[in-house]
Every structure is written in C-alpha cells, then in structure tokens.
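Enquirer: For reference, the structure I am asking about is given below.
Derivation of every value follows stated rules applied to the coordinates shown; laboratory data play no part. Bear in mind the structure is a predicted one, so any value in this text is a computation, not a measurement.
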Amino acid sequence: MSEFPVTFGGYDRARVDAFVASTTAALASGDPARRAEALAAANAVSFPSATWRGYDKAAVDHYLRRIGKGRPDDRA
C-alpha cells in the first residue's frame, strides 16, 4: 500500500499501488535497462479515477514527476 492521501474521486488505489511496487523494484534492481524503463513509464503512465475513494491526484502526480526525474526519494 502506498502512502498517498485518500480522497473522493482520486486515482484507483490498486493500480497506483501496483505501479509503485513495480517501479520501486525496478529502481532498486540496479539494472540500467529496468531503471530506464521505470523512468519512461513514470512519464507516460495514467491512472483511471476511482469509483469512490482513491489516492489524491496531486500527490500521485508529484511522485510520478520525482520518479520521472530519477529522484523517487526527493520529497520536494
């Protein structure tokens, strides 16, 4: 489970969680090809809105921008 705030009509939580898990594993693998793939995926991914409650879109988008720049742990 990701650490994003939950809001009404945010991004689908299951899809975001799956993406974060696969991206985190790719970045931690040390494999340059997997890392490049994860960076590209972060710049291209889109998530459907949740039917009821989902992750805050601004928080997820901020995370994706950090990943896309190769800085997943940068909280700024």
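Enquirer: So what is Rg over Rh here for the chain, counting just Cα atoms and using Kirkwood for Rh?
Expert: On the way: Rg = 12.2 Å, Rh = 12.5 Å.
Ratio of gyration radius to Kirkwood radius for the chain: 0.98.
Enquirer: Among V16, V45, V60, which one moves the most in a GNM of the chain with springs linking Cα atoms closer than 10 Å?
Expert: For the chain, modelled as a Gaussian network with Cα springs under 10 Å, the answer is V45.
Enquirer: Just report the Cα centroid separation between the stretch 41-67 and the stretch 1-31, whole Å.
Expert: 8 Å
Enquirer: Quick one: angle between helix 57-68 and the longest Cα principal axis of the chain, in degrees between 0 and 90, rounded to 10, please.
Expert: 0 degrees
Enquirer: GNM on the chain, C-alpha springs below 10 Å: top fluctuator among D56, D17, D31?
Expert: D31
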